[in-house]
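Colleague: Pasting a structure here, questions to come.
The values are calculated or read from the model by the stated rules, or taken from the named source; none is laboratory data. The shown structure was predicted, so the numbers you read here are calculated from the model rather than taken from an experiment. Neighbour counts are summed over all protein chains in view; Cβ atoms, including those assigned to glycine, are modelled from backbone coordinates with ideal geometry.
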Amino acid sequence: MGTAIKISKEIVDEAKISAKISRRSMAGQVEYWAFIGKIAEDNPDLSFLAIKDILLGRQQLKEGIGTPYIFGEGD
């Protein structure tokens, strides 16, 4: 079960629009923003696109698609 939090009307309005585009619920959109924001805060050297690519790669590996990249090989 989730916890109710208060957020500004501006964030709610933006989340409603983004949620429709992303096919998420409004709560799912806010959770996604918080998830990405935490990763960005923990890794300030990474761009948003780099974060998305890393998350995509990790999920592909979980699904059995692709192979892990091993740094230093093939150089």
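Colleague: May I ask you to list pairs of residues, at least six apart or on different chains, whose Cβ atoms are under 6 Å apart, with the first in segment 56-74 being closer than 23 Å to ILE39 by Cβ and the second being at pLDDT 80 or above and surrounded by 10 or more Cβ atoms within 10 Å (Cβ to Cβ)?
Modeller: GLY66/GLN60
Colleague: Let me ask something additional. Of the conditions (1) in contact with a helix residue (DSSP H, G or I) (Cβ under 6 Å, 6 or more places away or on another chain); (2) modelled with pLDDT under 95, ILE5 fails just one. Which one is it?
Modeller: (1)
Colleague: Just one of ILE5, ILE51, ILE36 is more than 27 Å from PRO68 (Cα to Cα) and among the β-branched types (Val, Ile, Thr); which is it?
Modeller: Checking each option against the conditions leaves just ILE5.
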